[in-house]
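Enquirer: Dumping the structure here so I can ask a few things about it.
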Amino acid sequence: MTRVTLIPGDGIGPEVAFAAKEVVDATGVKIEWDIVNAGADTYKKTGSFIPKTLLESISKNRVVLKGPITTPIGKGFKSINVTLRQKFDTYANIRPLKSMPGTKGRFDNVDLVVFRENTEGLYAGIEHKINEDVTEAIKVITKKGSIRIVEEAFKYAKEQNRKKVTAVHKANIMKITDGLFLDCAKSVAKKYPDIEYEEKIVDNMCMQLVMYPEKYDILVMPNLYGDILSDLASGLVGGLGLVPGANIGSDIGIFEAVHGSAPDIAGKSLANPIACIMSSAMMLDYIDEKQAANRIRKAVWTVLEEGKWKTKDLGGNATTEEITNAICKKP
């Protein structure tokens, strides 16, 4: 039996996280769930956004399924997501983006994976106030960080029989920082001669994705670009409610939907749980329960294809519970 830390989160977090738990339990995989929360609601109750009990649970279990968590904007609090990624060195953020039936996706042929460096770049959290009129953020790019995220992208490409890796950068302007990232990407690419390698400047990459997404396979990039491009690509396949994510370190995996906590619809049973459910499938892959993971993906695909149970964001009227139950009932 695998012990998994479950973080319900804030806003719609508990609704989608427990929906994912229900679907995982329906597969028959034996999971012992250690439920410990974090975020704004936890802060109100305990005075801490990330309680010690949660850090202890993650340190012990090394596998986490996480609902979205609220971090106040512009209030001086460091992002909880960033804190967890840096604390546990989950350096590879992996976001698969694939066209699915019965959605509002603008394309039906998107099948790409974004590999985002997860611990440094402009999200390193090094900011300063110079004076009342000037602020400063420091972008950190390291050889170690760059090499290991590009290695993950190429390793995944090889394991999944993918054909191409595209390194995304702005080295034409940020010649030192993004220049280092690009140098590292080129050095790693030389070890994988059977996989096509190319480079795209990030602004051009945005245009390419909204015009020709079918031309791309694996995208690898520094932190900020990955955050932006994965959301852009989410729009191509029907929205954030469909896109899963994984944060992977050397011996730890934290799995979460790409979307935020959406407090405006919390408690109304309007939330689309598919992104979190698909994240739980990635978690099952990680713990070598691949058959169960594929059953979940097939069930989600079938429910969307049938079109009977779709949440409001997908053009339907189904509740969170209804679409979750429909997925659970599929063989």
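Enquirer: In the stretch 146-233, which trypsin sites (Lys or Arg not before Pro) fall in coil by DSSP and have 13 or fewer other Cβ atoms within 10 Å?
Expert: Sites meeting the loop and neighbour criteria: 163, 175, 190, 191.
Enquirer: Select from 208, 160, 291 the residue whose mean-square fluctuation is largest in a Gaussian network model of the chain (Cα-Cα springs shorter than 10 Å).
Expert: Per the Cα network of the chain with a 10 Å cutoff, 160 tops the list.
Enquirer: Another question, then. Based on DSSP, what percent of beta bridges with both residues in the chain are antiparallel, to the nearest 5?
Expert: 45 percent
Enquirer: For the stretch 118-235, what is the charge dipole size about the Cα centre, in debye to the nearest 20, if Lys and Arg each add +1 at the Cβ and Asp and Glu each add -1 at the Cβ?
Expert: Taking the Cα centre of the stretch 118-235 as origin, the dipole is about 580 debye.
Enquirer: What dipole magnitude, in Debye to the nearest 20, does the chain give about its Cα centre under +1 on Lys/Arg Cβ and -1 on Asp/Glu Cβ?
Expert: The dipole of the chain has a size of about 400 debye.
Enquirer: Rounded to the nearest 0.05, what FRET efficiency do residue 25 and residue 104 give with R0 = 22 Å and r taken as the Cβ-Cβ distance? Could you check?
Expert: With R0 = 22 Å, the Cβ-Cβ based efficiency is 0.15.
Enquirer: Relative contact order of the stretch 20-151: what whole-number percent is it, with Cα pairs under 8 angstrom and at least 6 residues apart?
Expert: 15 percent
Enquirer: Between residue 211 and residue 183, how high is the FRET efficiency from 1/(1 + (r/R0)^6) when r is the Cβ-Cβ distance and R₀ = 30 Å? Nearest 0.05.
Expert: 0.55
Enquirer: How much length is gained on full extension from residue 302 to residue 250, taking 0.36 nm per residue of separation minus their Cα-Cα distance?
Expert: Stretched fully, the residue 302-residue 250 segment lengthens by 15.3 nm.
Enquirer: Still on this model: I want to check the label-to-label distance for residue 203 and residue 79. Put each point 7 Å from Cα in the C-beta direction and report it in nm to one decimal.
Expert: 2.3 nm
Enquirer: Turning to a different aspect of this structure: Explain nothing, just compute: Karplus ³J(HN,Hα) = 6.51 cos²θ - 1.76 cosθ + 1.60, θ = phi - 60°, for every residue of the stretch 160-170 in order, whole Hz, x for Gly and Pro.
Expert: 9, 6, 7, 9, 8, 10, 10, 8, 10, 7, 9
Enquirer: I've got another one for you. Return the single residue from 313, 288, 111 with maximal mean-square fluctuation; model: Gaussian network over the chain, springs between Cα atoms under 10 Å.
Expert: In the Gaussian network model the winner is 288.
Enquirer: Counting only DSSP beta bridges with both residues in the stretch 118-235, tell me the antiparallel percent, nearest 5.
Expert: Counting DSSP beta bridges with both partners in the stretch 118-235, the antiparallel share is about 35 percent.
Enquirer: Let me ask something else. For a Förster distance of 35 Å, can you work out the FRET efficiency between the beta-carbons of residue 268 and residue 56, rounded to the nearest 0.05?
Expert: For R0 = 35 Å, the calculated efficiency reads 0.55.
Enquirer: Compute the relative contact order of the chain as a whole-number percentage, counting only Cα pairs closer than 8 Å that sit 6 or more residues apart in sequence.
Expert: This gives 23 percent for the chain.
Enquirer: According to a simple spin-label model (label point 7 Å from Cα along Cα-to-Cβ), what is the distance in nm between residue 175 and residue 291?
Expert: 5.8 nm
Enquirer: Okay, moving on. Pop out the ³J(HN,Hα) list for the stretch 11-24 in order, Karplus 6.51 cos²θ - 1.76 cosθ + 1.60 with θ = phi - 60°, rounded to Hz; leave Gly and Pro as x.
Expert: x, 7, x, x, 5, 7, 5, 6, 5, 5, 4, 4, 5, 4
Every read-out reported here was derived from the displayed coordinates using simple, explicitly stated rules and does not represent laboratory data. Being a predicted model, the structure only gives us computed values, none of them experimental. Positions of Cβ are backbone-derived with ideal geometry, glycine not excepted, and every protein chain shown enters the neighbour counts.
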